[in-house]
Amino acid sequence: MVQGKAVSVSFSKLGAFESCPLQYWLRHVLKLPVAPARAPELGNVVHEAIAAELQGQDGMKLAQELVHKNPLLDVEKDLPAALKMVEGCRRYFRPLSAHAERLVEEWLEVELDQGYILRGRADLVEVDPNTVLITDWKTNWEVFSLEDTCQLDLYARWAAVRFPGRRVMVRLRFLRYGPRKGIVMRESTPEHQEMAMNWARGLVARIREAGRLPRSVGFPACPGRTCKTCSHSVQCLFLRAQELAVPDDAPQDLLQAVLNGVVPEASGLAEAQELGLWILVLERSLSVIKDRLRSFTEAHGPVVAGGEQFGIFFRASAECGDSQSFGTALTEAGINPWEHVQWDPDWLKQFFKSPLGEKLKEQFFTETAEAYFWHRVAGEEAGQDDSGG
């Protein structure tokens, strides 16, 4: 902390340190650039469009303009998703009250302790004489509870100070879903707020202490789900190699040392869990390397290395607009289309979930199971979109 000057932190910074201190160090201490990614960019578009909508502008039109301008977004895939979320917000939005004041993208500050201030921006704050309602728009598919995050309870502390005597409500609005599944809401009591403040103060103290320690001790790598979207997985592996004192002029030795030091054979549950965590790091590292090589080949053409050609490959597909007439034409030509047809697996998957599909599957198909090794979110189950279309 600069003498006499408050240090500003954000909820995302605190969360970054909690999930992986090394990521925090690379991003917020060394200030390495974060590679832009498709999901956050789509989220930014939706947030900006909804903010415009709430201020009396045409959010749908703005979303279209922003998606078309953004080179990271796919117009065919991302534009319909963005429009659906903005339209869902428009359809299901209910104001706190008829005369509530509306603060859109409101900047706020919460005093922590020892010269630290939490600074953030609330997507929407509605205020009437009795109640304050803070809403946070979410564009991801994962739905979670308000007990899984301290963010809105921290923002509620700001509201309690700025609007004393009013009840403070907090709401998560998951825009991929309709109101039945997509709204999580409760009152933020002083107890909720104090728990959130203690969480933030504890992390501030840990960050301050980490700055006094050697980097490897104060900011260690903590592999986990954040590795899937981390921009610094390659630096993470490099730093691990440095910790193992591997000479950087021997790439094969470097690889061997990293593998031996990071992913030894598992002899128990703890070692097996460690292997799973480092799979996430290695997968993200591979993704980053692929993206960099893809950028080069898009600009300069294919690259041959190790007997393999790396570059952009294309495949074409055709869609029949009138399948019934096409089938009739084949039959008239003496061709039995059933001898050549290939079923679309995605269509079949949805069809066999229907009552008719279940009946036909039971009558004509024999199910077989194939074991394979992969990973997914623990406890993950297929969810249904309840947005009503």
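The values are calculated or read from the model by the stated rules, or taken from the named source; none is laboratory data. Treat the numbers as computed from the prediction; the structure is a model and nothing was measured. Ideal geometry is used to build each Cβ from the backbone, glycine not excepted, and the neighbour counts take in all protein chains shown. Remember, those area values only see protein heavy atoms, side chains included, never the ligands or the DNA or RNA. Shrake-Rupley method; radii C 1.70, N 1.55, O 1.52, S 1.80 Å.
Failed condition for residue 31, given (1) outside any loop (DSSP other than H, G, I, E, B); (2) free of Cβ contacts under 8 Å to residues at least 40 places away in the same chain; (3) not aromatic (Phe, Trp, Tyr), with all others met? Here residue 31 clears every test but (1). Taking the range 81-125, which residues are touching a strand residue (DSSP E or B) at 6+ places or on another chain (Cβ under 7 Å), aromatic (Phe, Trp, Tyr) and without any contact (Cβ under 8 Å) to a residue 60 or more places away in the chain? Of everything in the range 81-125, just one residue is touching a strand residue (DSSP E or B) at 6+ places or on another chain (Cβ under 7 Å), aromatic (Phe, Trp, Tyr) and without any contact (Cβ under 8 Å) to a residue 60 or more places away in the chain, namely 107.
The set of residues in the range 5-38 being open to solvent by less than 80 Å² (accessible area, probe 1.4 Å) and farther than 23 Å from residue 155 by Cβ consists of 20, 21, 22, 23, 25, 26, 29, 32, 34, 35, 37. Quick one: in the range 167-225, of everything that is touching an Asp or Glu at 6+ places or on another chain (Cβ under 8 Å), among the charged types (D, E, K, R) and open to solvent by 20 Å² or more (accessible area, probe 1.4 Å), which residue is farthest from residue 137 (Cα to Cα)? Of everything passing the filter in the range 167-225, 201 is farthest from residue 137 (Cα to Cα).
Within the range 284-296, residues that are under 15 Å from residue 36 (Cα atoms) reach partners that are part of a helix (DSSP H, G or I) and of a type outside the set (Gly, Ala, Ser) with beta carbons closer than 9 Å, at six or more positions or on different chains, in the pairs 284/227; 284/228; 284/229; 284/234; 284/236; 287/228; 288/234; 289/234.
Could we say that residue 142 is at pLDDT below 95, under 25 Å from residue 121 (Cα atoms) and open to solvent by 70 Å² or more (accessible area, probe 1.4 Å) here? So that I can check it myself, show each step before the final result.
Values: at pLDDT below 95: yes; under 25 Å from residue 121 (Cα atoms): yes; open to solvent by 70 Å² or more (accessible area, probe 1.4 Å): yes.
Yes.
Name every residue in the range 341-362 that is open to solvent by 90 Å² or more (accessible area, probe 1.4 Å) and part of a loop (DSSP other than H, G, I, E, B), in order of residue number. Listed by number, the residues that qualify are 342, 343, 353. When residue 163 is tested against (1) open to solvent by 60 Å² or more (accessible area, probe 1.4 Å); (2) out of contact with any Lys or Arg (no Cβ under 8 Å at 6 or more places or on another chain), exactly one condition is not met: (1).
Among the criteria (1) in contact with a Phe, Trp or Tyr (Cβ under 9 Å, 6 or more places away or on another chain); (2) part of a helix (DSSP H, G or I); (3) closer than 20 Å to residue 146 by Cα; (4) not aliphatic (A, V, I, L, M), the one residue 193 does not fulfil is (1). Put simply, of 34, 2, 7 the only residue that is hydrophobic (A, V, I, L, M, F, W, C), within 24 Å of residue 70 (Cβ to Cβ) and at pLDDT below 90 is 34. Looking at 79, 152, 62, just one residue is more than 19 Å from the chain's Cα centre (by Cα) and either of a type in the set (Ser, Thr, Tyr) or surrounded by 14 or more Cβ atoms within 10 Å (Cβ to Cβ) (or both), and that residue is 62. Applying the criterion of being assigned to a helix (DSSP H, G or I), open to solvent by 80 Å² or more (accessible area, probe 1.4 Å) and polar (S, T, N, Q) to the residues of the range 290-340, the residue that is nearest to residue 233 (Cα to Cα) is 323. Apart from one condition, residue 76 fits all of (1) under 29 Å from residue 13 (Cβ atoms); (2) of a type outside the set (Lys, Arg); (3) modelled with pLDDT under 95; the exception is (1).
Restricting attention to the range 57-109, the residues that are under 30 Å from residue 295 (Cα atoms) and in a helix (DSSP H, G or I) add up to 17.
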